Amino acid sequence: MERRVVITGMGIWSCLGTDIATVKEALYNGKSGIGLDPERIQYGYRSGLTGRVEKPVITRKDLDRHTRAGMSEEAEYAYMASRQALAMAKINDEYLLQNEMGCIFGNDSSAKPVVESARIMDEKHDSEMLGYGLVFQSMNSTVNMNLCTIFHLRGINFTISAACASGSHSIGIGYMLIKQGLQDMVLCGGAQETNYYSMASFDALRAFSVRMGEPEKASRPFDRDRDGLIPSGGAAALVLEEYEHAKARGADILCEVTGYGFSSNGGGISQPSEEGCFIAMSRALDDAGLTPDDIDYVNAHATSTPQGDMYEAKALTRLFEGKHALVSSTKSMTGHECWMAGASEIVYSIIMMQNGFVAPNINLEHPDECALKLNIPTKAVDTQVNTVLSNSFGFGGTNSALVIRSVKENESSIKKEES
């Protein structure tokens with residue numbers, strides 16, 4: 001029998017809040033974390049809209065100066081989220097020194113230290129002026145190398161860079177490693193820097209909403225009048241663990257990861273695909289041994305772009321038309337958290353599962369015709385959430401879908417199969 005994989009800890013650092021309780025309130029009340037950043041307009045952006053993420057304050061009481069110097073912005077976010085996740089999982093430094101734990105994070109390239117390094121070189125023409133930390137801040141593995149060093153993680157250690165599906169794929173790969181017996185515990189997640197250097201090229205693609213007069217109404221997944229996404233970021237972290245291992249050490253189990261599906265569109269580099277979405281979702285359901293009738297809630301990828309939302313809505317309709325599943329995009333409140341999104345949306349989904357509600361798809365005033373056959377709530381719905389499908393798709397045609405279930409619900413299904 002394959003090993004079961006559970007989640008025993010989670011942490012979040014996002015525009016909705018920097019702790020689970022605050023984020024829960026924001027999700028339930030449909031509170032947006034999106035605002036206007038005048039510096040983006042001054043820098044030359046078409047759109048100044050962004051998720052407003054609090055900058056972490058990490059002092060020498062937390063980490064020594066040498067360590068802090070090598071931390072990029074997204075590594076700082078990831079550190080804060082991971083501290084929360086490990087604390088919730090009842091894992092301290094002493095435990096990590098005596099037991100192996102892996103680390104797989106999804107994150108983007110690190111723009112700010114690269115720009116800063118280039119400026120110093122242009123001005124000083126002397127590489128020795130770059131100092132110690134910029135090399136570690138600028139590497140694409142900046143999050144993993146920092147987390148593994150800080151927390152003494154000695155298992156699997158690598159970064160996933162799969163555009164906006166990165167955070168989801170990190171959980172999927174961690175799940176597979178544990179399921180196959182190669183690891184007992186893996187810290188998984190996603191992180192995304194939010195400085196204006198990191199998103200200028202996206203702004204050049206005219207991918208962003210320009211509804212700047214009403215920042216909180218700008219992100220409009222599935223709405224007919226959507227005009228683009230809003231960039232956001234931060235970090236989310238989850239402790240994945242083998243079920244018996246978690247029980248043996250007395251950990252509280254939040255939920256179970258039961259399915260992972262993936263696909264590649266094989267088409268245009270920025271072209272979404274209905275079929276690619278459908279294949280990833282179908283594979284996740286098959287892996288979990290479920291059908292669309294079993295899903296209570298779908299956390300849609302829907303970023304508020306005209307094409308992306310349309311193709312996903314078509315794929316979702318193929319699976320969920322006439323079914324009871326509620327569908328919403330938390331990006332209506334957070335904006336698009338990019339490389340972090342696949343992980344943060346699992347955290348948001350677990351919060352809903354634990355508190356018995358489905359978060360609203362805010363700003364849905366005139367549903368797109370492609371989404372009319374989906375059950376999309378515009379206000380929070382108080383309901384039992386036992387099984388969730390979460391979608392993440394990215395540039396280059398990378399698609400990921402995850403299924404999480406309450407442990408009681410999954411054990412009930414296992415007993416039925418055995419009988």
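A few notes on this one:
- Members of region 29-50 found to be surrounded by fewer than 20 Cβ atoms within 10 Å (Cβ to Cβ), not in a strand (DSSP E or B) and not small (G, A, S), listed by number: N29, K31, P38, E39, I41, Q42, Y43, R46
- Among the residues of region 364-417, those identified as surrounded by fewer than 21 Cβ atoms within 10 Å (Cβ to Cβ), among the small types (G, A, S) and assigned to a loop (DSSP other than H, G, I, E, B) are A380, G396, G397.
- Restricting region 90-110 to residues that are modelled with pLDDT of 95 or more and within 19 Å of the chain's Cα centre (by Cα), the residue that is nearest to A165 (Cα to Cα): G106
- Scanning region 87-108 for residues that are touching a residue at least 12 places away in the same chain (Cβ under 8 Å), of a type outside the set (D, E) and out of contact with any strand residue (DSSP E or B) (no Cβ under 6 Å at 6 or more places or on another chain) yields A87, K90, I91, L96, L97, N99.
- Any pair with Cβ under 8 angstrom, 6 or more apart, that starts in region 123-138 at a residue that is exposed (fewer than 11 other Cβ atoms within 10 Å of the Cβ) and ends at one that is outside any loop (DSSP other than H, G, I, E, B) and modelled with pLDDT under 90: S127/M121
- Within region 58-113, the set of residues being of a type outside the set (A, V, I, L, M, F, W, C) and assigned to a strand (DSSP E or B) comprises G102, G106, N107.
- Members of region 163-213 that are crowded, with 24+ Cβ neighbours inside 10 Å, of a type in the set (A, V, I, L, M, F, W, C) and under 25 Å from G397 (Cβ atoms): C164, A165, I171, C188, A191, M199, F208
- In the set V53, V114, only one residue is surrounded by fewer than 20 Cβ atoms within 10 Å (Cβ to Cβ), within 26 Å of S138 (Cβ to Cβ) and not polar (S, T, N, Q); that residue is V114.
- When each of E321, E411, E369 is tested for being touching a Leu at 6+ places or on another chain (Cβ under 8 Å) and acidic (D, E), the lone residue that passes is E321.
- The combined condition, being in a strand (DSSP E or B), more than 16 Å from the chain's Cα centre (by Cα) and farther than 26 Å from L130 by Cβ, is fulfilled by T8.
- Scanning region 306-345 for residues that are farther than 17 Å from D108 by Cβ and among the hydroxyl-bearing types (S, T, Y) gives Y311, T317, S328, S329, T330, S332.
- Any hit, region 370-392, residues being free of Cβ contacts under 8 Å to residues at least 12 places away in the same chain and farther than 11 Å from V327 by Cβ: yes
- Entirely in region 188-290, the helices (runs of 4 or more DSSP H) that have 1 or more residues that are at pLDDT 95 or above, out of contact with any helix residue (DSSP H, G or I) (no Cβ under 9 Å at 6 or more places or on another chain) and more than 23 Å from T334 (Cα to Cα): 243-248, 274-288
- In region 342-367, the residues that are of a type in the set (D, E) reach residues that are at pLDDT 95 or above and not in a strand (DSSP E or B) with C-beta atoms within less than 7 angstrom, at least six apart or across chains, in these pairs: E345/T330.
- Remark: A302 falls outside the filter, which requires a residue to be among the hydrophobic types (A, V, I, L, M, F, W, C) and assigned to a helix (DSSP H, G or I).
- Sole residue being under 24 Å from A251 (Cβ atoms), modelled with pLDDT of 95 or more and of a type in the set (V, I, T), chosen from I12, I34, I41, I58: I12
The values are calculated or read from the model by the stated rules, or taken from the named source; none is laboratory data. Remember, predicted model here, so these are calculated numbers, not experimental data. Positions of Cβ are generated from backbone atoms using ideal geometry, with glycine treated the same way; all protein chains shown enter the neighbour counts.
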